[in-house]
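Student: Okay, handing you the structure first.
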Amino acid sequence: LAKTTQPISMDSYEGQEVNITCSHNNIATNDYITWYQQFPSQGPRFIIQGYKTKVTNEVASLFIPADRKSSTLSLPRVSLSDTAVYYCLVGPNSGGYQKVTFGTGTKLQVIP
Amino acid sequence: NAGVMQNPRHLVRRRGQEARLRCSPMKGHSHVYWYRQLPEEGLKFMVYLQKENIIDESGMPKERFSAEFPKEGPSILRIQQVVRGDSAAYFCASSPFGTSGRARETQYFGPGTRLLVL
């Protein structure tokens, strides 16, 4: 699985847009990029997944440049409840199972 | 549709005892994964199971740890003769059965079982 690098922590004020970038220089052709969110004392929760360009859902947007060596999770207008750890994962989505490996993630602290 | 359920949520064991962690996947999911998370660390893959089959146990310690997913009932992660280093949060995830016969990628996680070994 491609190794990922993310900032260890970020702070943001409520109402701001937050962008968390993940580097994955060794991403393979059949790898997808998936982001999970984890609150304290809870299991990770799927946020968004993409392969290239831009993906948007009701929670977040995911921007992936043409070379796919990085990706950016964008959270619009964060609130205090968005304080969590965000994990970037890279792995195949070829119909087989994804043996995901979580890094240490990015700890986002939203400040009132 | 109930999510992934794990019990117990908290488990305290003394060194040398056995720990049994249970996981009931989401309805319609036939793929189960177990992960371990140490404090301040990310989740580490342990094992992937389908009903009655262990598909990948490459992340499981060679000794004392075992997992099963019987035809009926929850998946069980068993840790025999626990040691203090086994103290961690253990998460179970499940995913649907894909049309190709393989798991579809998005995994849905349970709330975890926090094991404390005294």
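Student: Take every Cα pair under 8 Å in chain B that's 6+ residues apart, average their separations, divide by the length, and report that relative contact order as a whole percent.
Tutor: 36 percent
Student: Over all residues in B:43-55, what is the mean tally of Cβ atoms on other chains that come within 10 Å of each residue's Cβ?
Tutor: Mean shielding count: 2.
Student: While we're looking at this one, here's another question. I'd like the projected area of chain B, averaged over all directions, using the convex hull of its alpha carbons. Report it in nm² with one decimal.
Tutor: Its Cα hull, projected and averaged over all orientations, spans 7.1 nm².
Student: Give the relative contact order (percent, whole number) for chain A; include only Cα pairs under 8 Å separated by 6+ residues.
Tutor: 37 percent
Student: Report the full-extension gain for the segment A:Asp11 to A:Tyr51: residue separation times 0.36 nm, less the Cα-Cα distance, to one decimal in nm.
Tutor: Value of the extension gain: 11.7 nm.
Student: Using alpha carbon coordinates only, what is the Rg to Rh ratio of chain A, with Rh defined as the Kirkwood radius?
Tutor: Reported Rg/Rh (Cα atoms, Kirkwood Rh): 0.95.
Student: How much of the DSSP bridge set in chain A is antiparallel, in percent, rounded to the nearest 5?
Tutor: If we restrict to bridges inside chain A, about 85 percent are antiparallel.
Student: Determine how large the accessible area of B:Ile76 is when every protein chain is in place; take a 1.4 Å probe and give Å² rounded to the nearest 10.
Tutor: The value for B:Ile76 is about 20 Å².
Student: Continuing with the same structure: Taking only protein heavy atoms into account and a 1.4 Å probe, give the accessible area per residue of the protein assembly as shown in Å².
Tutor: I get 50 Å² per residue for this part.
Student: How large is Rg over Rh for the protein assembly as shown, taking Rg from the Cα atoms and Rh as the Kirkwood inverse mean of 1/r across Cα pairs?
Tutor: Using only Cα positions, Rg/Rh for the protein assembly as shown is 0.98.
The values are calculated or read from the model by the stated rules, or taken from the named source; none is laboratory data. Since the structure is predicted, the reported quantities are computational estimates derived from the model, not experimental observations. When we count neighbours, we look across all protein chains shown, and the Cβ atoms used for this are built from the backbone with ideal geometry, even at glycine. Keep in mind that these areas ignore ligands, DNA and RNA; they rest on the heavy atoms of the full protein, side chains included. Shrake-Rupley method; radii C 1.70, N 1.55, O 1.52, S 1.80 Å.
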